[in-house]
Amino acid sequence: MKYKLPVYLLILVSGVFASAQPRPAATLIITNATIYTVDKQLPKADAMAAIGDCIVAVGSSAEIELWRGPQTRVIDAGGKPVLPGFNDSHVHFISGGAQLDQIDLNDARTPQEFAKRIAAHVSKTAKGEWILGGDWDETKWPNPQLPTKELVDAVTGGTPIFVNRYDGHQALANSAAMKLAGVSARTADVPGGVILRDASGNPTGIFKDAAQDLINKAIPPMPHERRMRAARRALEHAASLGVTSVQHMNPDFADVAVYSELAERGELTTRIYAVPMETNWQEQARIGIRRSWGSAYLRLGAVKGYADGSLGSGTAYMFEPFADEPGNRGLLSDEMHPPSAMRARLMQADAAGLQLRIHAIGDCAIATILDIFSDIEKEHGYHDQRFTIEHAQHMAEKDFGRFAKLHVVASMQPYHAIDDGRWAEKRLGHSRARYSYAWRSFLDHGVPLAFGTDWPVAPLNPMLGLYAAVTRATLDGKNPDGWIPEEKITLPEAVEAYTMGSALAEFQEKEKGSITPGKLADMVILSDNIFNLKPAAIGNAKVETTIVGGKLVYGRKR
Ligand SMILES: [Zn+2]
């Protein structure tokens, strides 16, 4: 390869020949690889060396060979591609881990299958334990209607169930669950939520957005041991998919306690930025925690808020009513009742040095949060706050410029586009759908993208995200050339959003996000060179090896 040797390497090499002084040997070398560094200084290389958790050199195999010592672990990549580890900018890590052991209703194709799977799960559930999770998706049913308590009561008996829709914005309770929660026909609706009712006013079992809390209140908290198990499952899963960092949105403080116990034992194999709810901002501020505070493995210092619900649940907050539901333009979240209360809390959290990361999906919710960010910037000045809008799904065209001007990061989940893209246009209407999941428009406006999944809402596998970003081919096969193809981005752009972009969203762009000397040695070896594959095949590529902090945390048998 033709490029200049890095200066420090030249000094080091000449120093060795001149004086034969011992030189620190690498603890890890990856050689004979095709490294895509995501570093514009040196975009491609054959090899890299790390000492401990830090990358010390990137270059040709011959150059890197100079770092080999008797104890060096050498991985011959056999020409395979090496990328920086993936950084998922939006996950619910512990629920994801818990869900790996929970009931899976997502691919139940009929209501009968849905009820059958629940019945099977009831038979292996201890008495009094709740059945949670599920991720059901009624749009996959022949006649897409929301499930009801009647569908499941006969098979669940006294076992309480509260199974969520895959987007997390509505869930189905059975009669046993409603009884434990004290919910009946007399229960009033709550701001930011809906209790679905039948013709005689009885709850059907469906609880939307804030109304889910009526049932959630009755669910006993996850005991420490279960939480620990869920965290370990999640870490294993992330390692197997090459996800070396995650940004955990609205964890319980008990989740953070689990992480810190695992960090102490050296068992964290994924780096975690925990982002608790904005309603609790004072808890972090009181002890002086500021944005991105902590260690390389576990950091705090941001707050997560919700401006609205989701498109699938009809609770994304829009300027105009939904095309298929004329009376409804969605819901502001309970945190936004009124928006001035949210504004006041976010203003104080920003003053305390906490990063603000706000879920906003509908165009009006996004605009309202941009208004709040603009007020904060006016009052406190721009100090590289890195506001993020989480999801930023359905944009009003006029707001791209404001996004850029306020330096807001768009933290987005490409898989949602190929999933929701099956039906989103029906909800939004053709012209309003144009700026949905508008990655191209964001980049063209100079807005940084950070990619992730919202796992367990979508699968954690980054290959599916990359595939979605470059193809926009909806899961139903109806848009092979892409749904709103104008908003496709290139594979290098998608990889950058999933590595450097996510690092930027958590103030870690100097520590990770690219394969660069001085950065953390977090990287993956892939089964196939995704840059040479047809876009349609990218989703099938596998991670073969995952390295975090210079240590192998996952290796697939070849
Ligand atoms: Zn989320």
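The values are calculated or read from the model by the stated rules, or taken from the named source; none is laboratory data. These numbers were taken from a predicted model, which means no experiment stands behind them. We place every Cβ from the backbone using ideal geometry, glycine too, and count neighbours over all the protein chains shown.
With the condition being of a type in the set (Phe, Trp, Tyr) and modelled with pLDDT of 95 or more, I'd like the strands (runs of 3 or more DSSP E) fully within region 170-236 carrying at least 1 qualifying residues.
Here the list reads 203-209.
Just to be sure, is Ala503 under 20 Å from the mean Cα position of the chain (by Cα) and not basic (Lys, Arg)?
Details: under 20 Å from the mean Cα position of the chain (by Cα): yes; not basic (Lys, Arg): yes.
When the stated conditions are applied, Ala503 passes them.
Here are some residues: Ala469, Ala473. Which one is of a type outside the set (Asp, Glu) and closer than 19 Å to Asp88 by Cβ? Break it down stepwise before answering.
Working: Ala473 fails: closer than 19 Å to Asp88 by Cβ.
Just one listed residue meets the conditions, Ala469.
Looking at region 422-447, which of the residues that are in contact with a helix residue (DSSP H, G or I) (Cβ under 9 Å, 6 or more places away or on another chain), in a loop (DSSP other than H, G, I, E, B) and not aliphatic (A, V, I, L, M) is nearest to Ile489 (Cα to Cα)?
Only one residue tops the list, namely Tyr437.
Just to be sure, is Lys512 of a type in the set (D, E, K, R), crowded, with 19+ Cβ neighbours inside 10 Å and under 26 Å from Ser60 (Cα atoms)? Spell out the reasoning first.
On the way: of a type in the set (D, E, K, R): yes; crowded, with 19+ Cβ neighbours inside 10 Å: yes; under 26 Å from Ser60 (Cα atoms): yes.
The answer is yes for Lys512.
Within the group Ile272, Ile289, Ile215, which residue is within 21 Å of Asn164 (Cα to Cα) and in contact with a Leu (Cβ under 9 Å, 6 or more places away or on another chain)?
Details: Ile272 fails: within 21 Å of Asn164 (Cα to Cα); Ile289 fails: within 21 Å of Asn164 (Cα to Cα).
Residue meeting the stated conditions: Ile215.
Among the listed residues Asp444, Asp420, Asp399, identify the single one that is of a type in the set (D, E, K, R) and within 16 Å of the ligand (Cβ to nearest atom). Show your work before the answer.
On the way: Asp444 fails: within 16 Å of the ligand (Cβ to nearest atom); Asp399 fails: within 16 Å of the ligand (Cβ to nearest atom).
Residue meeting the stated conditions: Asp420.
Looking for something part of a strand (DSSP E or B) and either more than 26 Å from Trp423 (Cα to Cα) or of a type in the set (A, V, I, L, M) (or both) - is there at least one such residue anywhere in region 129-139? I'd like the intermediate steps shown before the answer.
Here is the first cut: in region 129-139, the residues part of a strand (DSSP E or B) are 131-136.
The next check asks that each one be either more than 26 Å from Trp423 (Cα to Cα) or of a type in the set (A, V, I, L, M) (or both); those that pass are 131-132.
The answer is yes, given that some residue of region 129-139 is part of a strand (DSSP E or B) and either more than 26 Å from Trp423 (Cα to Cα) or of a type in the set (A, V, I, L, M) (or both).
Across region 239-285, what is the total count of residues that are within 16 Å of the ligand (Cβ to nearest atom) and either over 14 Å from Lys304 (Cα atoms) or in a strand (DSSP E or B) (or both)?
Residues in region 239-285 being within 16 Å of the ligand (Cβ to nearest atom) and either over 14 Å from Lys304 (Cα atoms) or in a strand (DSSP E or B) (or both): 11 in total.
How many residues does region 159-173 hold that are within 16 Å of the ligand (Cβ to nearest atom) and in contact (Cβ under 8 Å) with a residue 60 or more places away in the chain? Walk me through how you get there before you give the answer.
Keep residues of region 159-173 that are within 16 Å of the ligand (Cβ to nearest atom), which gives 164-171.
Narrowing the set further to residues that are in contact (Cβ under 8 Å) with a residue 60 or more places away in the chain leaves 165-170.
Residues flagged as within 16 Å of the ligand (Cβ to nearest atom) and in contact (Cβ under 8 Å) with a residue 60 or more places away in the chain within region 159-173 amount to 6.
Pairs please, first residue from region 247-275 and farther than 23 Å from Thr499 by Cα and small (Gly, Ala, Ser), second anywhere and assigned to a helix (DSSP H, G or I) and within 16 Å of the ligand (Cβ to nearest atom), Cβ atoms under 9 Å, 6+ apart in sequence or on different chains.
Matching pairs, first to second residue: Ala254/Ile94.
Here's a check for you: in region 124-168, which residue that is over 24 Å from the mean Cα position of the chain (by Cα) and of a type in the set (Phe, Trp, Tyr) is nearest to Ala424 (Cα to Cα)?
For region 124-168, the residue satisfying everything is Trp141.
What tally of residues in region 89-109 results from selecting those that are touching a residue at least 40 places away in the same chain (Cβ under 8 Å), over 30 Å from Val409 (Cβ atoms) and either within 15 Å of the ligand (Cβ to nearest atom) or among the acidic types (Asp, Glu) (or both)?
Taking region 89-109 as the starting set, the residues that turn out to be touching a residue at least 40 places away in the same chain (Cβ under 8 Å) are 89-101, 103, 105-106.
Add one more test, that the residue is over 30 Å from Val409 (Cβ atoms), and what stays is 101, 103, 105.
Okay, now just the ones that are also either within 15 Å of the ligand (Cβ to nearest atom) or among the acidic types (Asp, Glu) (or both), so 101.
Final tally of qualifying residues: 1.
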